[in-house]
1. What ranking of Lys65, Lys87 comes out by heavy-atom accessible area, probe 1.4 Å, highest first?
2. Given Cα positions, please report Rg to Rh for the range 51-124, the hydrodynamic radius being the Kirkwood one.
3. On the protein heavy atoms, probe 1.4 angstrom, tell me the percent of accessible surface of the range 79-124 carried by carbon and sulfur.
4. Counting only heavy atoms of the protein chains, get the accessible area per residue of the chain (1.4 Å probe) and round it to a whole Å² value.
5. Could you tell me which GluC sites (Glu not before Pro) in the range 1-76 are loop residues by DSSP with no more than 16 other beta carbons within 10 angstrom of their beta carbon?
Amino acid sequence: QVQLVESGGGLVQAGDSLRLSCAASRRTFRNYGMGWFRQAPGKEREFVAAISSSGGVTRYADSVKGRFTISRGNAENTVSLQMNSLKPEDTAIYYCAADPDGSSGSVERGYRYWGQGTQVTVSS
């Protein structure tokens, strides 16, 4: 069904910025809510950010507020996560996810489609 592919991860130093992108095989992002989650080694996957189907409402984990920004790209099949002032604790595999219902927000189980993930590593 819907295929999601993340890109933009890399190795950076604390304080640097990265912009992650997620592309869908279909332009479902126009109507689906989208979320970004991350999983650090040995940790459970956690919520990072979400954006409503309309793009008018966003939500962030407290740990990234003021530093990360989720947005829909110019193309309706893309969504991005701008990450500024990166910290070592941001190191994780980042996943994008699509929510057909559009109301899942930070609730992981509400997202039906998931990407393969992209690695973000932040050194001290």
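1. Numbers: Lys65 120, Lys87 80 Å².
In descending accessible area the options line up as Lys65, Lys87.
2. Details: Rg = 12.8 Å, Rh = 13.4 Å.
Taking Rg over the Kirkwood Rh, I get 0.95.
3. Details: 880 of 2050 Å².
That fraction is 43 percent.
4. Numbers: 6410 Å² over 124 residues.
On a per-residue basis, 52 Å².
5. On the way: sites: Glu6, Glu44, Glu46, Glu76; in loops: Glu44, Glu76.
Sparse-neighbourhood loop GluC sites (Glu not before Pro): Glu44, Glu76.
The values are calculated or read from the model by the stated rules, or taken from the named source; none is laboratory data. Computed from a prediction, not measured in an experiment: that's the story for all the values here. Every residue, glycine among them, receives a Cβ derived from its backbone with ideal geometry; neighbour counts consider all protein chains shown. Note: accessible area is taken over every heavy atom of the protein model, side chains too, but ligands, DNA and RNA are not part of it. Shrake-Rupley method; radii C 1.70, N 1.55, O 1.52, S 1.80 Å.
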